[in-house]
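Some notes on the structure that comes next.
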Amino acid sequence: MGISSYDTEASNLFRETRCWIQDRGPVLAKVVRTTLAHLGLSKVPLYLMGVSSGAAILMVLPREMPEVRGVYSQVKAIAPEKLELPRGRKYPPIVFVHMATMDPDNAKMVTKNLKVLKAGGTPAAQVLIEQQPITVEFLTSRSEGAIDVPMAKQIINLIEEKGYFNADKTLKRSMRPVTDQWAPEMQLIVGNLSLVRDKSNPGELFNVAWARHEFVHDHVDAVLEWLQNGGKGGQAQMDKLLEADRQKDAAAAAAWAKALRDGGWL
């Protein structure tokens with residue numbers, strides 16, 4: 001079940017952001033319980049996953065919902081005092097998936113959150129997401145068929161011409177928001193694919209490659225397995241699951257690259 005904020009006036013500064021406000025936790029808890037009951041899922045183990053402001057509001061839900069079994073927070077930590085639960089209840093297991101290198105301020109808050117949670121006896125772990133080079137394999141394997149090899153090569157050539165690349169094809173700077181420095185020429189390459197912020201297949205891939213404040217599907221299986229096991233083994237077990245997941249991803253990437261080479265695309 002997925003829920004999106006309907007608040008289009010979060011503040012005078014950030015209008016129409018559709019971001020969650022953390023003090024709406026009681027309202028969201030009621031929505032979740034009502035929906036689960038309607039679907040006949042009230043007795044199913046409940047795990048929460050959110051990104052950015054969505055993660056922030058989900059992290060306060062255990063205060064309202066003792067039935068929460070685990071929390072999966074992407075690119076967001078909150079004030080540590082908001083993790084304290086009433087009546088001596090212990091916070092459920094939680095994993096922070098974040099981008100420490102490119103978002104050090106949030107990483108500092110994650111560290112504070114982990115310290116408070118572990119001191120309270122909560123299994124808590126983190127997963128670090130780093131920048132990725134923009135390659136043909138990256139674009140074609142993650143675009144769900146929207147970007148083929150010829151298009152990927154043209155995209156990469158344009159990004160390089162515009163001076164956005166480091167030597168290893170990682171980005172020197174963010175390509176968000178879309179700017180007239182590259183968007184008009186990119187649109188000629190991607191055709192009907194949107195370049196509108198938050199609605200763009202290639203644009204979202206650029207954000208993932210930049211790795212500052214973006215949702216990702218990387219290592220989701222490892223995170224969910226850790227949560228469903230109640231966080232047993234702590235960070236050490238999370239690291240083992242991540243290593244196995246990385247080996248699986250590396251094998252899949254190698255197989256994809258081989259298929260492209262065998263097809264004469266690389």
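The charge dipole of the chain, taken about its Cα centre with unit charges on the Cβ atoms of Lys, Arg (+1), Asp and Glu (-1) only, comes to about 980 debye. In the chain, the longest principal axis of the Cα atoms and the axis of helix 201-210 are about 70 degrees apart. Were the residues from Lys199 through Arg69 laid out at 0.36 nm apart, the gain over their Cα-Cα distance would be 43.6 nm.
What FRET efficiency comes out for the pair Lys240/Gln187, r = Cβ-Cβ distance, R0 = 45 Å, nearest 0.05? Efficiency computed from Cβ-Cβ geometry: 0.50. Among beta bridges identified by DSSP and lying wholly in the chain, the antiparallel ones come to about 10 percent. Descending by average beta-carbon neighbour count within 10 Å, the peptides 82-95, 236-249, 210-223 line up as 210-223, 82-95, 236-249, the highest first. For the chain, the longest principal axis of the Cα atoms and the long axis of helix 149-161 meet at an angle of about 90 degrees.
Each Lys and Arg Cβ is given +1 and each Asp and Glu Cβ -1; about its Cα centre, segment 136-210 then shows a dipole of about 200 debye. Taking a spot 7 Å from the Cα of Asp168 along the direction of its beta carbon, which residues of segment 190-226 have an amide N less than 16 Å from it? Within reach of a label on Asp168, which here means backbone N under 16 Å from a point 7 Å along Cα→Cβ, segment 190-226 contributes 209-212.
Just so you know, all these numbers are worked out from the coordinates, no wet-lab data involved. As the structure is a prediction and not an experimental result, all values here were calculated from the model. Because the Cβ atoms are built from the backbone with ideal geometry, glycine has one as well, and the counts that use them run over all protein chains shown.
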